[in-house]
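The values are calculated or read from the model by the stated rules, or taken from the named source; none is laboratory data. Note that the structure is a prediction, hence the values are computed from the model and not measured. All Cβ positions, glycine included, derive from the backbone under ideal geometry; neighbour counts span all protein chains shown. Accessible surface is based on the protein model in full, side chains and every heavy atom, while ligands, DNA and RNA are left aside. Shrake-Rupley method; radii C 1.70, N 1.55, O 1.52, S 1.80 Å.
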Amino acid sequence: MSRYVFGPVPSRRLGRSLGVDLVPFKTCSYDCIYCQLGRTTSKTVDRQEWVPLAEVVDEVQKHLSSEPDYITLSGSGEPTLHARVGELIARLKEITAIPVAVLTNGSLLWREDVRRQLLGADLVVPSLDAGDESMFRLVNRPHPEIPFERMLAGLIAFRRQFRGEYWLEVFILGAYTSIPAELAKLAECVRRIKPDRVQLNTVTRPPTEKYAAGVPPERLAGLSSIFQPPAEVIADFRDVHREPEFAAGREEILAMLRRRPCSVDDIAGGLGMHRNEVVKYLEELNAENLLEQSLVADKLYYQVAKEISL
Ligand code: SF4
């Protein structure tokens with residue numbers, strides 16, 4: 001089983017995406033209330049070689065025959081916390097022509113070294129979930145060394161330097177950022193950042209905090225025109241795991257959850273899958289109302305909804 005590479009998994013934006021996990025599970029500078037991976041266990045801004053670069057490159061090389069559309073640095077924490085992410089992108093560019101994407105929370109782009117290291121990527125997708133300091137603290141629960149204005153300045157500075165595609169993901173939370181005053185602040189930040197695309201997202205997966213609620217798709221679509229450029233709602237791929245290539249994993253997970261409640265770790269360990277691959281399947285099963293979830297000692301457990309399992 002691969003330790004750092006997973007998939008290809010179907011991605012809403014990137015087609016068949018080969019995921020690369022560069023930090024240990026939930027090593028992140030944020031602790032977002034909507035995170036589908038549970039609470040952050042290691043909240044840090046410490047950049048180091050969390051996983052060995054040579055092994056990551058080796059694993060990616062072994063997966064290239066799967067012909068993904070993108071190699072995506074994302075995973076179960078914040079990828080820019082890896083101190084050698086720039087070298088990794090350079091190595092990937094040497095071994096393949098497959099484009100490299102980085103999905104980042106954007107919290108470290110105020111650092112010149114982080115911006116420089118990402119310049120070799122083809123696509124960078126940072127997030128922006130709040131339009132001011134107080135909402136930032138409520139929604140993202142960032143590390144104390146990341147004030148809102150510093151984070152925002154990083155998003156703006158990277159846009160000026162980066163020549164690749166820059167898509168900004170804006171996560172809208174019901175009763176938090178879905179109200180007009182907060183949306184106006186978000187739109188103003190986006191206007192200053194000037195991304196190539198704005199992509200709206202909301203809660204469709206089991207969130208860490210039950211009070212993190214989504215907004216309906218029609219409402220998201222109605223918000224498109226307040227952003228510049230007009231935002232697109234990220235399409236829902238909920239049925240993609242019914243395709244033959246991915247159907248086996250879906251059935252195995254359902255069979256396991258029929259037997260007993262399991263965490264993401266239980267499923268990944270039990271089925272020899274990467275956590276992030278498991279999360280993708282759970283996201284879809286949850287969207288189809290096939291699952292129930294419970295939070296026990298800060299850990300999310302899933303089981304098949306009772307009416308389905310009878
Ligand atoms: S959603 Fe992303 S940025 Fe937020 S806590 Fe989870 S891994 Fe970190």
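Descriptive notes on the structure:
- Across segment 166-213 the C-alpha pair distances fall into 5 Å bins from zero in the proportions 5, 19, 27, 22, 16, 9, 2 percent.
- One decimal place: the segment Q228-L64 gains 55.4 nm when fully extended, by the rule 0.36 nm per residue minus the C-alpha distance.
- Ellipsoid equivalent to segment 2-116 - semi-axes via the Cα gyration tensor, in Å: 22, 16, 13
- Across segment 154-222, the mean sequence separation of Cα contacts (distance under 8 Å, 6 or more residues apart), normalised by length, yields a relative contact order of 42 percent.
- Each label point was placed 7 Å from the Cα along the Cα-to-Cβ direction; for L295 and E55 their separation is 3.2 nm.
- Normalised contact order of segment 101-255, rounded percent, pairs of Cα under 8 Å and 6 or more residues apart: 21
- Among beta bridges that DSSP assigns inside the chain, antiparallel share in %, nearest 5: 35
- On the beta carbon distance between I179 and Y211, with R0 = 22 Å, the FRET formula returns roughly 0.90.
- Exposed-loop-free span, longest in the chain, where trypsin sites (Lys or Arg not before Pro) count as exposed if DSSP calls them loop and at most 12 other C-beta atoms lie within 10 Å: 4-162
- Label point of D265 set 7 angstrom out along Cα-Cβ; within segment 27-45, amide nitrogens under 13 Å from it belong to 27, 38-42.
- A 1.4 Å probe run over the protein chains yields, for the chain, 42 Å² of accessible area per residue, whole-number rounding.
- For the chain, the spread of Cα positions along each principal axis, largest first, Å: 54, 46, 33
- Violating pairs (Cα-Cα greater than 19 angstrom) within the set K26/K299; K26/K194; K93/K280; K26/K280; K43/K299: K26/K194; K93/K280
- The chain - percent of accessible surface contributed by carbon and sulfur, probe 1.4 Å: 52
- Each stretch of four or more DSSP H residues adds -39500 (n - 2.57); spread over every residue of the chain, this sum gives -10500 deg cm²/dmol at 222 nm.
- Globularity index of segment 1-60 is 1.26 (Cα radius of gyration / 2.2 N^0.38 Å, N = number of residues).
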